[in-house]
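Some notes on the structure that comes next.
The values are calculated or read from the model by the stated rules, or taken from the named source; none is laboratory data. The structure displayed is predicted, hence computed values, not measured ones. Backbone-built Cβ (ideal geometry, glycine too); neighbour counts: all protein chains shown. Heavy atoms of the whole protein, side chains included, go into the accessibility calculation; ligands, DNA and RNA do not. Shrake-Rupley method; radii C 1.70, N 1.55, O 1.52, S 1.80 Å.
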Amino acid sequence: MSYKIPFNRPSFLGNEQVYIAKAIANGHISGDGPFTKKCQQLIQEVLGVPKVLLTPSCTHALEMAALLLDLHPGDEVIVPSFTFVSTVNAFVLRQAKPVFIDIRADTLNLDENQLEGLVTSKTKAIVVVHYAGIGCEMDTVIDVCKRFNIPVIEDNALGLFGKYKGRYLGTFGCLATQSFHETKNFTCGEGGALLINDPKYIERAEIIREKGTNRSKFFRGQVDKYSWVDIGSSYLLSDISAAFLYAQLEFIEEIQNKRKQIWDYYYIQLKDWAAENAVQLPIVPSYCEQSYHMFYIVLPVKEQRQMLIEQLKTQGILAVFHYLPLHLSQMGRRFGGKQGDCPVTEEVSEKILRLPLYNSININDQDRVIETILNFKCN
Ligand SMILES: Cc1ncc(COP(=O)(O)O)c(C=O)c1O
């Protein structure tokens with residue numbers, strides 16, 4: 001079924017086709033071409049990250065992070081259960097055991113107070129996900145990681161340009177990952193990036209990304225031929241995709257302002273209805289600047305979510321739920337996950353509903369979403 005107001009609609013900012021034509025004219029459409037370098041440079045400069053490498057997706061960037069950590073069978077990685085499968089799967093691919101942590105009921109980010117209790121001598125990484133682009137409690141996360149000498153990885157798929165206490169998300173972990181999937185604020189269809197904050201990982205990351213070879217060094221003239229030096233895979237983004245992405249990254253402020261406007265409008269219009277109906281709206285701590293990636297509501301009773309989805313559907317509006325608890329998935333259960341392990345995740349997962357939010361949604365369409373919701377009574 002096609003919806004008059006879809007959940008997401010990728011936006012085109014104007015220069016996508018021009019830059020793709022330029023990439024073709026450049027004669028360099030494989031990875032690490034001029035547009036890849038421009039995107040990497042831009043993200044490095046804005047975030048102040050030592051090294052950014054574009055990848056074909058956030059999933060691939062997570063896989064690179066897992067390879068860089070040199071995991072061994074039996075190593076444990078602490079990850080939220082309330083996340084996308086790739087956050088966990090990337091580490092499981094390296095034979096690590098996921099240890100699922102529950103989320104806080106307010107921000108829906110991992111509950112940092114439970115971290116210490118899950119750390120064992122086998123813990124080799126803590127992976128945080130900044131849900132909806134709202135920062136996790138990084139002071140506590142970093143404190144635990146420092147005390148136990150455990151690297152922190154940020155899955156920042158949803159949080160590009162968000163900040164925690166004035167510092168950009170993606171700059172806290174030794175490694176962080178971004179997504180440029182069609183649904184994200186900045187996109188090239190499918191795409192991602194690995195952010196390397198600890199320079200000790202840079203050289204090996206370049207090798208892993210180039211099929212286990214020192215080809216990057218060869219292109220820089222640092223070696224006279226390149227060869228197989230480590231394990232790796234093909235984790236480069238085509239320069240055609242990078243050209244598309246650059247056309248989007250040129251408009252960071254415009255896109256973020258537009259999304260803020262849309263997000264704020266939802267919040268203001270739904271605030272009273274939410275209070276009257278015991279519905280939870282996103283909670284953004286005062287010291288967090290969110291990325292304005294997503295607007296969600298958490299309904300008081302799970303059956304109401306499906307009823308509201310149906311009601312919105314009759315108006316041609318697509319609203320969608322989100323992550324299913326990973327500890328209760330078929331794979332999660334193979335690692336010992338069972339009902340009750342992460343109670344907040346289990347509850348929120350059944351009650352959360354995400355509303356249409358894309359750069360080009362107009363006020364009339366937003367009003368139609370809002371009106372339908374205001375007509376829905378939870379009592
Ligand atoms: C938290 C999180 N991590 C990773 C991903 C995967 O991103 P990609 O599709 O770029 O691989 C997603 C997808 O939305 C996500 O929500």
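A few points about this structure:
- When residues of the stretch 42-65 are limited to those that are among the small types (Gly, Ala, Ser) and near the ligand (Cβ under 10 Å from one of its atoms), the one least open to solvent (accessible area, probe 1.4 Å): Ala61
- The lone criterion from (1) in contact with a Pro (Cβ under 9 Å, 6 or more places away or on another chain); (2) at pLDDT below 95 left unmet by Asp70 is number (1).
- Asp230 vs. criteria more than 16 Å from the ligand (Cβ to nearest atom), surrounded by fewer than 19 Cβ atoms within 10 Å (Cβ to Cβ) and over 25 Å from the mean Cα position of the chain (by Cα): yes
- Annotation: Leu68 fulfils all but one of (1) touching a residue at least 60 places away in the same chain (Cβ under 8 Å); (2) away from the ligand (no atom under 16 Å from the Cβ); (3) surrounded by fewer than 20 Cβ atoms within 10 Å (Cβ to Cβ); (4) closer than 30 Å to Gln330 by Cβ; the unmet one is (3).
- In a residue-by-residue description of the stretch 100-108, the property of being open to solvent by 20 Å² or more (accessible area, probe 1.4 Å), in contact with a His (Cβ under 9 Å, 6 or more places away or on another chain) and under 25 Å from Glu347 (Cβ atoms) applies to at least one position.
- Taking the criterion of being open to solvent by 30 Å² or more (accessible area, probe 1.4 Å) and assigned to a loop (DSSP other than H, G, I, E, B), the residues of the stretch 237-261 that qualify are Ser238, Glu250, Phe251.
- Test result for Gly135, in a loop (DSSP other than H, G, I, E, B) and without any contact (Cβ under 8 Å) to a residue 12 or more places away in the chain: no
- Check on Ala90, in a helix (DSSP H, G or I), buried (at least 18 other Cβ atoms within 10 Å of the Cβ) and out of contact with any helix residue (DSSP H, G or I) (no Cβ under 8 Å at 6 or more places or on another chain): no
- Test result for Gly170, open to solvent by less than 40 Å² (accessible area, probe 1.4 Å) and within 12 Å of the ligand (Cβ to nearest atom): no
- The sole residue among Leu326, Leu318 that is open to solvent by 40 Å² or more (accessible area, probe 1.4 Å) and in contact (Cβ under 8 Å) with a residue 24 or more places away in the chain is Leu318.
- Under the condition of being assigned to a helix (DSSP H, G or I) and either β-branched (Val, Ile, Thr) or surrounded by fewer than 20 Cβ atoms within 10 Å (Cβ to Cβ) (or both), the residues counted in the stretch 175-215 number 7.
- Going through (1) free of Cβ contacts under 8 Å to residues at least 40 places away in the same chain; (2) within 16 Å of the ligand (Cβ to nearest atom); (3) over 26 Å from Lys51 (Cα atoms); (4) β-branched (Val, Ile, Thr) one by one, Ile103 falls short only on (1).
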